[in-house]
Amino acid sequence: VVFLRKGSARARLYSLAVAAALRGHGIGGVLLDACENDARERGCTHLRLEVRSDNAAAQRLYQRRGYRKFASRPGFYEDGATALCYEKIL
Ligand SMILES: CC(C)(COP(=O)(O)OP(=O)(O)OC[C@H]1O[C@@H](n2cnc3c(N)ncnc32)[C@H](O)[C@@H]1OP(=O)(O)O)[C@@H](O)C(=O)NCCC(=O)NCCS
């Protein structure tokens, strides 16, 4: 799920998920590529996202694909967990 805002060149990756039984086969990467291509085609120059600091699998996926961490937000999630904010220039 990618959010776009009229007049903004920054798209936001709100949610990315692969069924548990199918993880680790490259599907997450393919979905992320599709999100990036779609955002680019719609004129966006940046894609931003938040990820839980304890979600190592997702962080690795984003880091390997050129996302850089620019902020952290303690208490961002309902259970008090910290969010790491990542951004990629498209
Ligand atoms: C994050 C998620 C979407 C990745 O989907 P996936 O289809 O498993 O991802 P891929 O198979 O394309 O793997 C991409 C990279 O993720 C990393 N990765 C995937 N599963 C991993 C695991 N269990 N442990 C550590 N790293 C893992 C690997 O670094 C992999 O890179 P590589 O291909 O160079 O090895 C999936 O784990 C998921 O749905 N998780 C639950 C929901 C979630 O956390 N969403 C992200 C919220 S921001």
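Worth a mention:
- Gaussian network model of the chain, Cα within-10 Å springs - most flexible of R60, R52, R40: R60
- Counted residue by residue at 0.36 nm each, then reduced by the alpha carbon distance between them, the extension gain from L16 to D33 reaches 5.0 nm.
- Low-density loop positions, GluC sites (Glu not before Pro), the chain - DSSP coil, at most 15 other Cβ in 10 Å: E78
- Reported value for region 1-88: 101 Å³ per residue, from the convex hull of its C-alpha atoms.
- Region 2-89 - charge dipole about Cα centre, Lys and Arg +1 at Cβ, Asp and Glu -1, debye rounded to 20: 300
- Residue-averaged 222 nm ellipticity for the chain, from DSSP H runs of 4+ at -39500 (n - 2.57), nearest 500: -8500 deg cm²/dmol
- Positive end of the dipole of region 2-89 (Cβ unit charges, origin at the Cα centre): among G28, F70, F3, the Cα lying farthest that way belongs to F70.
- Beta bridges per DSSP, both residues in the chain: antiparallel share near 80 percent.
Each reported figure results from applying straightforward, stated rules to the coordinates on display, with no laboratory input. It should be emphasised that the depicted structure is a prediction, and the values quoted were computed from it without experimental measurement. Don't worry about glycine lacking a Cβ; one is built from the backbone with ideal geometry, like all the others, and counts go over all protein chains shown.
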